Amino acid sequence: MTGASGTEGAVARPTRARRQAEPLVPQGPARASAHVCQAAGCLSMGSDTLFAELKERVLASGARDVAVKRVGCLGLCSAGPLVEVPEQGRMFERLDQPGGVPLDELVASLTGGALGGRELGEEPFYSRQVKVVLERSGRVDPEKIEDYVADGGYEALTKAMTTMSPDEVIDEVVKSGLRGRGGAGYPTGLKWRTVAKAAAGPEGKYVVCNADEGDPGAFMDRSVLESCPQQVLEGMAIAAYAVGASRGYVYARAEYPLAVKRLTTAIRQAEREGYLGREVLGTRFDFQVEVRIGAGAFVCGEETALLASIQGGRGTPRPRPPYPATSGLWGCPTLINNVETFANIASLVERSGEAFASIGTERSKGTKVFALTGAVTNTGLIEVPMGLSLREIVFDIGGGLAEGRKFKAVQTGGPSGGCIPEHLLDMTVDYETLSQAGSIMGSGGMIVMDDTSCMVDVARYFMDFCREESCGKCLPCRVGTQEMYLLLNRICSGRAGMVHLARLEELATMVRATSLCGLGQGAPNPVFSTLRYFRDEYMAHIQDQVCPAGVCQIEGVPAVAGTHAGSHGGER
Amino acid sequence: MSEVRTLVIDGRDVAANSDQTLLSVARENGIAIPTLCHLEGLTDIGACRLCMVELEGSKKLLPACVTQVQEGMRVVTSSERLLEYRRRVIEMFFLERNHVCAVCVANNSCELQSAARALSLTHFELAPLHPDVAVDATHERFVLDQNRCILCGRCVRVCDEIEGAHVWDIRGRGANARLVSDMGTPWGESTTCTSCGKCVQVCPTGALFEKGRSVAEPKARRPYVPYLVGHHRRA
Amino acid sequence: MAPTTVAARPAPSDDKRWRQVDVRMRRLGYRPDGLIEVLHTAQEAFGYLDDEALHYIGDCLGVPPSMVYGVATFYSHFTLEPQGEHTCVVCTGTACYINGAGALVKELEARLGAHPGETTADGKVSVLAARCLGACSMAPAVVVDGEVYGKVGPERLLGILEEL
Amino acid sequence: MDETAPGRRPRLATIWLDGCSGCHMSLLDIDERLLELAGRADIVYGCLVDAKEFPLDVDVTLVEGAVSSEEDLRKVLEVRERTRVLVALGDCAVTSNVPGMRNPFGPKPLLERAYIENVTINPGIPTEGLPALLPESLPVHAWAPVDVFVTGCPPSADRIFEVISGLLDGQLPEVGQVSRFG
């Protein structure tokens, strides 16, 4: 996968170009500061050159009390490049783009002219969100630890290490009700306690951050790492202190070169400032973190496969138990949490478990970050309290669908998730409700589909994904995903009979029950959920040889009467 | 220190050591659970999913080869559902490569073929994948026929764990996974192979065989297997 | 695998790029678990991983050839074939898929004659498909020589490629 | 299709698609039990009798061989329509077996090898008089529902006899554990 990921040299020397990229900082307090989003979305719209240009314009204007600052993701990626001026409560969208805000308008705003852009307070996209994980995202410079510290960063680690015992830290996490944000929703505090109680292995214990965000349509972790990598590292350091680990790894996708670069910079700076490394905060607590870069294998998001990959091998999962919490890296107890989970820790420790638990629902506490994409007006990164309804997310925050398009489904949970239809839009978003509806919370991808999407085709798309990403170790996943793909292909092309549909359902049930890891067990989910809510679309393909959405190419060959799934006919 | 555990398998009370797996206890008690990737003496990997069993009070199925016994477990090894799943597993093994029993050197001595028979599998319902795969006959004594390989990994493990050569590994992934020697180089040119033949001995099908054997001439070899791997592990 | 430390050995040739590989291996203490990291470095240095590189790295880290090969072929990021002068990665993640990534792939197939994973006959462009680049807000997204382009239609994509 | 009229003798047929005739040989190996069969049923079609057209109303048809050509396909659909109980006899009919060994590379290399590469006089792929090959050689039930599967290459004479006599008694036999692939 990709030349997209020529990871840049870890630590670049400050070249001329780099010095130019330094923010503009006024001598005294800033009257207005332009927060220029420098996360991947806006960067691809040219926000780096815009940043330089803006600085020059401000300097040229002679204003001495205006700051121009590089920040992380501001959320509404579809309206990039974005610049926020927090002192004025203004957001400038599509800056310098056709149909967007002209640069002059921003410069005028900053230098005492008429206030431009959009007022933030009234926009539901911004006002309906609650930011815990992304609190500092659009506020601090992702490449400067000083900025993070000045914003209150590492106060939680200091508090934990100076005023709390490891057990007390774990108690707080348990009290918070925080559950794993990687998808499965296992209670974080319980996991920490298991690792803390486990006897250390020959090489101690490990803390691993799972940043192998592989679900197509999900970019929460990328954004967090690009926007505020220190927050993740602080969470890891607190975890290491709590469970007694001295080594940590962040396993990140190769597809995210900018995230890897900022993370690497962040580790170097944190070591320099004594928040990581041999003597954390001048104590005997030793915690060293390394980055390991994945190499394009979705299955490595599964924890045992991830560990195999960190150890330099093929990323194939192994049966559990033993769980990594008791036997992980090199047989040592290993705590594995996802990026967003770690990003919650600092605020949780700083404010208290109870405060954290005051947000959310009975069994799903806190907030959840979603990548809202697809056929919705406002696409981007959002953070909402657990328990908001899907309708509020899609129609209020997301701004609904484009003019004239009809809502069909929201896909959540990636290839192991499902499609939620219109009549369930009022359901709340939490772990249990989503799973009852046949989907999962997953890592947080949320893809809105309109009437131009064919749900059988969507099921086939995900099965195609799974068959290519299957590691090939266990038979049901290796061959079952392949066979399900062929059956779906047959249905999509109008060559299937009812017998093939029955076969698909049987096989899906078998693969779910017998596969070794979550990839295979979850692979049938898109099939189940589309069958549950959109069976009529399957029937249209089978009985009438028609694709209602007009997506599938019907071959018009009538289904044969055989009971065998028949020829793959070059579909491989 | 292992302790005694009591559990119930298929309605029978059985006693086991705490370090035993469900599979070994079942077999000790004459309860047959089919397996393909398991071989006594090699590390179990739980990959073929043929030995899945039901545990009372749990919705999840467990692979018997890697599940440690626990006090009071109530296990079912052959419900209608399990048998149906096992038939499907065997069917998919047949369909993923080109298994033509009639012209296979392992005809009559093949574990895949016997498993199909034991499960009364009479025909296949899913589509054959018919991959175009190679036969490697470059080794002076042995042949690798990818058409018959079920990726059980026994050869990989016996070569790594017993012979210590690690000639074999798996390349690629998913449906493109293939058994390879060295850098995917022909077996005859392998610089690591000791020609010990252990991989051939442990192959459950006709994927690895000795030259000069013909169709339906049994790969008379199973008797050696315990000596190859069993004693080594117990020692 | 036991962490057998294998000493440094002479590089296969005096090509300077081997130094990058050597430095990476030394930093990782020649531990076998550094295999993937070293493969990354070698691929960055040489553009792809050939047999010579795989053998050398395996020898230095004490990893058997079949294991090195197994790892290098497991991960889709690693390529064992030389790549074209330029790379064009089409994201085929869900958001891009429902926004027309399929049409982009078809267009490239039709105009360049290269399917994902292939390089054009003149060696100029390698076409790749990525699972998800995380640029879903700008779907469909394409990365040409490391530069991300959002909301790309077939016409624009061909325009971008022609300018190379 | 009308039900077997009381007192009417069951009608038995066999048909041979893409196979080696080994299953028919094995059928003949039931030896003197052939007489017993002949006493209980009318053999209305197959290589043992001289009928040219497949009859309209057959109770049991044994199909040997895989479906490899357009002619095989025509036959199997016709036979299915005219038969009450269809038996896939032997591995070729059940799995496509040896005829299916061409599936990984398709019919073209097969034809070239047979009619061009290994031929010295008038090499060329015949286009007349030979039914065209299907892209893949598939088992019978890829095209038409099959009622009984008898594995084996070939199935033993005893198995074949048991299956036929069971069917004549009106029972669908259990075949699994007593026969096997290969």
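A short reminder: the numbers here are calculations on the coordinates, not readings from a lab. Model, not experiment: these values are computed from the prediction. Neighbour counts run over all protein chains shown; Cβ positions are idealised from the backbone, glycine included.
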Calculated from DSSP H runs of 4 or more alone, at -39500 (n - 2.57) each and per residue, what is the 222 nm mean residue ellipticity of the protein assembly as shown, nearest 500? -9500 deg cm²/dmol
According to the square roots a ≥ b ≥ c of the eigenvalues of the Cα gyration tensor, what is the shape class of the protein assembly as shown, taking rounded for a/c under 1.5, prolate for a/b larger than b/c otherwise, and oblate for the remainder? prolate
Estimated FRET transfer efficiency (A:Glu155, C:Asp145; beta-carbon r; R0 45 Å; 0.05): 0.60
Inter-probe distance in nm under a simple model that places probes 7 Å from Cα toward Cβ, at A:Glu146 and A:Glu123: 3.0 nm
Across the stretch B:143-152, in residue order, what do the Karplus-derived ³J(HN,Hα) couplings come to in whole Hz, using 6.51 cos²θ - 1.76 cosθ + 1.60 with θ = phi - 60° and x for Gly and Pro? 10, 10, 10, 4, 4, 10, 6, 10, 6, 6
Inter-part distance where the stretch A:351-428 and the stretch A:80-145 are each reduced to a Cα centre, Å: 23 Å
How about B:Lys211: which aspartates and glutamates have a C-alpha closer than 19 Å to its C-alpha, ignoring those fewer than 8 places off in the same chain? B:Asp136, B:Glu140, B:Asp145, B:Glu189
State the extension gain, in nm to one decimal, for the chain segment bounded by A:Ser352 and A:Glu506, taking 0.36 nm per residue of separation less the distance between their alpha-carbons. 50.6 nm
Going by C-beta contacts inside 10 Å, put B:His38, A:His423 in order with the fewest on the left. A:His423, B:His38
Within chain A, what percent of beta bridges assigned by DSSP are antiparallel, to the nearest 5? 50 percent
Starting from the amide H of B:Phe142, placed 1.01 Å from N in the peptide plane, find each other amide H under 5 Å away whose residue is 5 or more places distant or on another chain. B:Lys211
With at most 13 neighbouring Cβ atoms within 10 Å, loop GluC sites (Glu not before Pro) (DSSP) excluded, longest segment of chain B: B:141-235
Return C:Met25, A:Met164, A:Met484 ranked ascending by Cβ neighbour count within 10 Å, so the fewest neighbours appear first. A:Met164, C:Met25, A:Met484
Once a ≥ b ≥ c are taken as the square roots of the eigenvalues of the Cα gyration tensor of the stretch A:247-382, is the result rounded (a/c under 1.5), prolate (a/b larger than b/c) or oblate (a/b not larger than b/c)? rounded
Net length gained if the chain between A:Glu87 and A:Leu190 were fully extended (0.36 nm per residue, minus Cα distance): 32.9 nm
Under-5 Å amide H pairs with C:Thr87, H placed in peptide plane, nonlocal only: C:Ser126, C:Asp145
Separation of the D:Glu70 and C:Glu155 label points, Cα + 7 Å toward Cβ, nm: 4.5 nm
Determine how many Å³ per residue the convex hull of the Cα atoms of the stretch C:17-74 encloses. 65 Å³
Mind listing the long-range amide H neighbours of A:Asp151? Cut-off is under 5 Å, sequence gap 5 or more, other chains count too, H placed in the peptide plane at 1.01 Å from N. none
Kirkwood hydrodynamic radius of chain B, Cα pairs, Å: 18.9 Å
Pop the C-beta distance of D:Ala114 and A:Asp536 into the FRET formula with R0 = 51 Å and round what comes out to the nearest 0.05. 0.55
Of A:Lys473/C:Lys16; A:Lys406/A:Lys473; A:Lys368/B:Lys59; A:Lys69/A:Lys408; A:Lys408/C:Lys106; A:Lys365/C:Lys151, which ones are farther than 31 Å apart at the Cα? A:Lys473/C:Lys16; A:Lys406/A:Lys473; A:Lys69/A:Lys408; A:Lys365/C:Lys151
Ordered by residue, what ³J(HN,Hα) values in Hz, to whole numbers, does the stretch A:502-511 give under the Karplus form 6.51 cos²θ - 1.76 cosθ + 1.60, where θ = phi - 60° and Gly and Pro are x? 4, 4, 4, 5, 4, 5, 4, 5, 5, 5
What is the order of A:Val479, D:Val44, fewest Cβ neighbours within 10 Å to most? D:Val44, A:Val479
Vicinal HN-Hα couplings computed from phi for the stretch D:113-118 (Karplus, 6.51 cos²θ - 1.76 cosθ + 1.60; Hz; Gly/Pro x): 4, 6, 10, 10, 5, 9
Neighbour net charge for D:Pro131 - beta-carbon separation under 13 angstrom, K R +1, D E -1: -3
Can you figure out the FRET efficiency of D:Asp147 with D:Leu35, using R₀ = 35 Å and their beta-carbon distance, to the nearest 0.05? 0.85
Between A:Arg363 and C:Lys124, the two model label points (7 Å from Cα along the beta-carbon direction) sit apart by a distance in nm of 5.9 nm
May I ask you to list the GluC sites (Glu not before Pro) in the stretch A:157-251 that are in a DSSP loop and have at most 12 other Cβ atoms within 10 Å of their Cβ? A:Glu203
Based on the alpha-carbon gyration tensor of the stretch A:145-357 and its eigenvalue square roots a ≥ b ≥ c, which shape applies: rounded if a/c is under 1.5, prolate if not and a/b is larger than b/c, or oblate? rounded
